[in-house]
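First, the structure itself, so that you have it in front of you.
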Ligand SMILES: N[C@@H](CCC(=O)N[C@@H](CS)C(=O)NCC(=O)O)C(=O)O
């Protein structure tokens, strides 16, 4: 007899086979609670070959042990793959059509924009404190992380996202120089100061518990280290609390298991964070 998992919604329970849904394979983190908003498995829609902005959502789902389908990475034969993502993205009759991935489907509900997706998921996944002030503050930090992500992206595409890096290299060199010298230290110092001033302690950005902002700061540091290792290490040497938070998040059992899994895509030169050594600070 196959073991069955209980999924709870509004006090009711239903059972499904672990590792499958009407959509095919789905992922859960290690052994955690699987509790769904709509009674259905979350559908994460993001480009299948890069971490990109989808990774901020994936990390939250993984850290909470939530069940989700990474739709564009699934087989087309099961109504998944990139065509499934494009069907939603190009559905011009849909009243809430997202502009770009990532977006999340929870039953009939569709949410786009990374920060909005996290804001939606966080209470259910227990990745935000309860008070309104804490929720707003967490969202502000997430939006600031999003600002920095966009700036990191724009170092290699300062003129236009539709152009090749090679066609905007002089502008990229100028933009990246400023980013490495001024922006990385300024943003990381801001996160450091938030941690230092958190009345609940310096281990978390908001309140005394893990939030999606902590997970996102982890991912931001991962990306910056990959793309601009010299500039980032120089800044991190002056922001010990940011570094400690990064290391602590990476050691969380579900996060650590996810990072070791094949679900974690490696960084590459198609994503947001790209390693072009000429864009980093010079060695020495
Ligand atoms: N502000 C949005 C940005 C979304 C976005 O730029 N998505 C990228 C991939 S990371 C994309 O596919 N953009 C397509 C486009 O802008 O045309 C968010 O944070 O989710």
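Return yes when residue 42 is more than 15 Å from the ligand (Cβ to nearest atom), under 27 Å from residue 270 (Cβ atoms) and at pLDDT 95 or above and no when it is not.
Here the answer is yes, as residue 42 does meet what is asked.
Conditions: (1) farther than 24 Å from residue 147 by Cα; (2) crowded, with 17+ Cβ neighbours inside 10 Å. Residue 90 meets all but one. Number of the miss?
(2)
Also: Which residue pairs have Cβ atoms closer than 8 Å, lie 6 or more positions apart in sequence or on different chains, and pair a first residue in region 142-170 that is farther than 24 Å from residue 189 by Cβ and assigned by TED's automatic domain parsing to the domain that holds residue 204 with a second residue that is in a loop (DSSP other than H, G, I, E, B) and within 13 Å of the ligand (Cβ to nearest atom)?
Correct list of pairs: 163/157; 165/157; 165/274; 168/157; 168/160.
Still on this structure, please answer the following. Against the definition (in a loop (DSSP other than H, G, I, E, B) and surrounded by fewer than 16 Cβ atoms within 10 Å (Cβ to Cβ)), how does residue 275 come out, yes or no?
Numbers: in a loop (DSSP other than H, G, I, E, B): yes; surrounded by fewer than 16 Cβ atoms within 10 Å (Cβ to Cβ): yes.
Here the answer is yes, as residue 275 does meet what is asked.
So if I check each of 113, 119, 79, which one is outside the structural domain of residue 213 (by TED's automatic domain parsing), at positive phi and within 15 Å of the ligand (Cβ to nearest atom)? Steps first, answer last, please.
Values: 119 fails: at positive phi; 79 fails: within 15 Å of the ligand (Cβ to nearest atom).
The unique qualifying residue is 113.
Taking residue 242 as meeting all but one of (1) crowded, with 18+ Cβ neighbours inside 10 Å; (2) in contact (Cβ under 8 Å) with a residue 40 or more places away in the chain; (3) under 25 Å from residue 174 (Cα atoms), write down the number of the exception.
(3)
While we're looking at this one, here's another question. Could you please find all residues in region 206-221 being within 16 Å of residue 125 (Cβ to Cβ) and either assigned to a loop (DSSP other than H, G, I, E, B) or without any contact (Cβ under 8 Å) to a residue 60 or more places away in the chain (or both)? Quick ask: steps written out before the conclusion?
Going through region 206-221, the residues within 16 Å of residue 125 (Cβ to Cβ) turn out to be 206-207, 209-216, 218-219.
Of everything in region 206-221, those that are within 16 Å of residue 125 (Cβ to Cβ) and either assigned to a loop (DSSP other than H, G, I, E, B) or without any contact (Cβ under 8 Å) to a residue 60 or more places away in the chain (or both) turn out to be 206, 207, 209, 210, 211, 214.
Separate question: Quick check on my filter: what residues within region 85-110 are within 15 Å of the ligand (Cβ to nearest atom) and part of a helix (DSSP H, G or I)?
85, 86, 88, 89
I'd like the full set of residues that are crowded, with 18+ Cβ neighbours inside 10 Å and either modelled with pLDDT under 95 or within 21 Å of the chain's Cα centre (by Cα) (or both), limited to region 227-239. It would help to see each step written out before you state the result.
In the first step, residues of region 227-239 are kept if they are crowded, with 18+ Cβ neighbours inside 10 Å; the result is 227-228, 231-232, 235-236, 239.
Correct list: 227, 228, 232, 236.
Name every residue in region 130-149 that is more than 13 Å from the chain's Cα centre (by Cα) and surrounded by fewer than 21 Cβ atoms within 10 Å (Cβ to Cβ), in order of residue number.
130, 131, 132, 133, 134, 135, 136, 137, 139, 140, 144, 147
Looking at residue 28 and the list (1) at pLDDT 95 or above; (2) at negative phi, which single condition is not satisfied?
(1)
The values are calculated or read from the model by the stated rules, or taken from the named source; none is laboratory data. The structure presented is a predicted model; accordingly, all values stated were derived computationally and were not measured. Cβ: placed from backbone, ideal geometry, glycine included. Neighbour counts: every protein chain shown.
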